[in-house]
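Asker: One structure coming up, written as structure tokens, with questions to follow.
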Amino acid sequence: MTEKPEPNQDELHTELSLLRKEVAHLNNNRFVRLYNSLWKLIGFQFLRGLAFGFGTVVGATILVSALAYSLSKIDFIPVIGNWAAEIAKMIQEPRNP
């Protein structure tokens, strides 16, 4: 086997310079800057939680209303059909305060 020759000082200096440049580039990344600041991280996580909660509520609302509507159309199972029809009627009724 042939051994690799050891790099000389100029090559090491060049490699170290390129490595420093790459690390500086990574540290300037928005993701890293976000995690370097505690308050930015807290704010980001708070907004992320709000968006997740809002999406969950909207998605569940759409899913439940679609399920209730489709169940209200079932006439051959009397219990489920009557129950879903009552739910659909309650959803469509205007509320009087």
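The values are calculated or read from the model by the stated rules, or taken from the named source; none is laboratory data. Computed from a predicted model, the values in this text were never measured in an experiment. Cβ: placed from backbone, ideal geometry, glycine included. Neighbour counts: every protein chain shown.
Asker: Modelled with pLDDT of 85 or more, part of a helix (DSSP H, G or I) and in contact with a helix residue (DSSP H, G or I) (Cβ under 8 Å, 6 or more places away or on another chain): is that true of F44 in this structure? Give the derivation first.
Answerer: On the way: modelled with pLDDT of 85 or more: yes; part of a helix (DSSP H, G or I): yes; in contact with a helix residue (DSSP H, G or I) (Cβ under 8 Å, 6 or more places away or on another chain): yes.
The answer is yes for F44.
Asker: Of (1) at pLDDT below 90; (2) of a type in the set (D, E, K, R); (3) in a helix (DSSP H, G or I); (4) surrounded by 10 or more Cβ atoms within 10 Å (Cβ to Cβ), R20 satisfies all except one. Which?
Answerer: In the conditions (1) at pLDDT below 90; (2) of a type in the set (D, E, K, R); (3) in a helix (DSSP H, G or I); (4) surrounded by 10 or more Cβ atoms within 10 Å (Cβ to Cβ), R20 misses (1) alone.
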